[in-house]
Amino acid sequence: MSDVILAAENLTKEFKGFVAVDGVNLRVRRGQIHALIGPNGAGKTTCFNLLTKFLPPTRGTITYDGKDITAMSSADIARLGLVRSFQISAVFPHLTALENVRIALQRRRGDSFDFWRSQKILSRFDEEARGLLAEVGLSEFTNTAASELSYGRKRALEIATTLALNPEMLLLDEPMAGMAQADVERITALIKRISANRTILMVEHNLSVVATLSNTITVLARGKVLAEGDYATVSQDPRVVEAYIGAGHG
Ligand SMILES: Nc1ncnc2c1ncn2[C@@H]1O[C@H](COP(=O)(O)OP(=O)(O)OP(=O)(O)O)[C@@H](O)[C@H]1O
Ligand SMILES: [Mg+2]
């Protein structure tokens with residue numbers, strides 16, 4: 001089994017001639033937490049959308065677990081074990097935390113998505129759903145409606161619904177966006193915990209979170225890979241410092 005779980009070769013995305021992602025080569029090693037960082041407009045979100053198949057690349061190839069996934073849909077790659085965290089809107093606000101995870105578990109089994117399914121059938125998934133809620137620290141909120149959870153706990157619930165799909169690799173899009181410090185600490189610990197037996201690639205603006213969590217960091221600037229390495233290496237790279245200052249992050 002190869003050490004590299006996800007690889008991009010010459011990944012390129014043009015929007016009407018504007019090159020947002022420009023010949024990116026990326027290798028994510030199995031079992032690592034890998035962060036994609038860079039100043040505003042660097043191409044992080046576009047790159048993430050290419051890797052998760054939300055956007056088709058203009059050029060380049062993406063390989064997951066040795067398979068060429070360039071032409072696959074995001075549903076196809078989810079079945080292979082490469083799953084992107086859902087947007088918060090994908091958590092059903094009026095359902096409880098338990099019900100939300102139960103529905104996600106049902107999806108994994110490939111059952112049709114059916115709100116009218118009987119309580120009895122759904123209950124089969126209760127035990128596993130409770131386990132996932134415990135894993136993300138939401139046990140005491142099992143019967144709380146998602147809409148009543150704090151922002152950070154909603155993200156934890158979102159992660160639980162993603163884990164329900166049993167991903168081998170998880171892609172997180174700015175997991176700390178808009179969070180208060182207490183929630184940032186909670187979700188940082190959660191990501192650390194769930195990374196134990198998974199690979200994680202995340203786009204994240206909060207550099208202290210990136211420093212705490214990441215084994216490897218790829219820095220993008222103007223659509224290209226500017227630097228790569230551990231936090232100590234990339235944060236001291238003069239080109240990285242320059243790119244952040246130039247973009248007004250200094
Ligand atoms: N659909 C699109 N059409 C045209 N240009 C786009 C599109 N999406 C992104 N871009 C441009 O591509 C560049 C990279 O955008 P992207 O959103 O990937 O950057 P980012 O690194 O995620 O930035 P941020 O830190 O602000 O989130 C930007 O100049 C952006 O304006
Ligand atoms: Mg972005």
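Applying the criterion of being under 27 Å from Arg239 (Cα atoms) and more than 9 Å from ligand 1 (Cβ to nearest atom) to the residues of the range 38-56, the residue that is nearest to the chain's Cα centre (by Cα) is Leu51. Do we find a residue being open to solvent by 20 Å² or more (accessible area, probe 1.4 Å), within 16 Å of ligand 2 (Cβ to nearest atom) and of a type outside the set (A, V, I, L, M) anywhere in the range 225-238? Within the range 225-238, none of the residues are open to solvent by 20 Å² or more (accessible area, probe 1.4 Å), within 16 Å of ligand 2 (Cβ to nearest atom) and of a type outside the set (A, V, I, L, M).
Yes or no: Gly137 outside the structural domain of Asn197 (by TED's automatic domain parsing) and open to solvent by 10 Å² or more (accessible area, probe 1.4 Å)? Give the derivation first.
On the way: outside the structural domain of Asn197 (by TED's automatic domain parsing): yes; open to solvent by 10 Å² or more (accessible area, probe 1.4 Å): yes.
Criteria met by Gly137.
The set of residues from the range 14-57 being open to solvent by 10 Å² or more (accessible area, probe 1.4 Å), within 17 Å of Ile69 (Cα to Cα), more than 13 Å from ligand 2 (Cβ to nearest atom) and in contact with a helix residue (DSSP H, G or I) (Cβ under 9 Å, 6 or more places away or on another chain) comprises Lys53, Pro56, Pro57. Taking the criterion of being farther than 14 Å from Glu204 by Cα, assigned to a loop (DSSP other than H, G, I, E, B) and away from ligand 1 (no atom under 16 Å from the Cβ), would at least one residue in the range 152-163 satisfy it? Within the range 152-163 (the criterion being farther than 14 Å from Glu204 by Cα, assigned to a loop (DSSP other than H, G, I, E, B) and away from ligand 1 (no atom under 16 Å from the Cβ)), the answer is no, since none of the residues qualifies. When every residue of the range 187-207 is checked against the conditions, at least one turns out to be open to solvent by less than 60 Å² (accessible area, probe 1.4 Å), in the same structural domain as Ala20 (by TED's automatic domain parsing) and among the basic types (Lys, Arg).
Where strands (runs of 3 or more DSSP E) fall wholly inside the range 187-229, the ranges with 2 or more residues that are under 13 Å from the mean Cα position of the chain (by Cα) are 199-203. Residues that are surrounded by 22 or more Cβ atoms within 10 Å (Cβ to Cβ) and in contact (Cβ under 8 Å) with a residue 40 or more places away in the chain within the range 65-84 comprise Leu82, Val83, Arg84, listed in sequence order.
When the residues of the range 208-247 are filtered to those that are more than 19 Å from Val28 (Cα to Cα) and either in contact with an Asp or Glu (Cβ under 8 Å, 6 or more places away or on another chain) or within 13 Å of ligand 1 (Cβ to nearest atom) (or both), the one that is modelled with the highest pLDDT is Arg222. Of the residues in the range 140-160, how many are out of contact with any Leu (no Cβ under 8 Å at 6 or more places or on another chain) and either open to solvent by less than 20 Å² (accessible area, probe 1.4 Å) or among the hydroxyl-bearing types (Ser, Thr, Tyr) (or both)? Adding up the residues that qualify gives 6. I need the full set of residues from the range 156-180 which are free of Cβ contacts under 8 Å to residues at least 40 places away in the same chain and within 22 Å of Arg107 (Cα to Cα), in order please. Correct list: Ala156, Leu163.
The values are calculated or read from the model by the stated rules, or taken from the named source; none is laboratory data. The structure displayed is predicted, hence computed values, not measured ones. Reconstructed Cβ throughout: ideal geometry from the backbone, glycine too, with neighbour counts over all protein chains shown. Just so you know, the surface numbers come from the protein's heavy atoms only, side chains and all, with ligands and any DNA or RNA stripped out. Shrake-Rupley method; radii C 1.70, N 1.55, O 1.52, S 1.80 Å.
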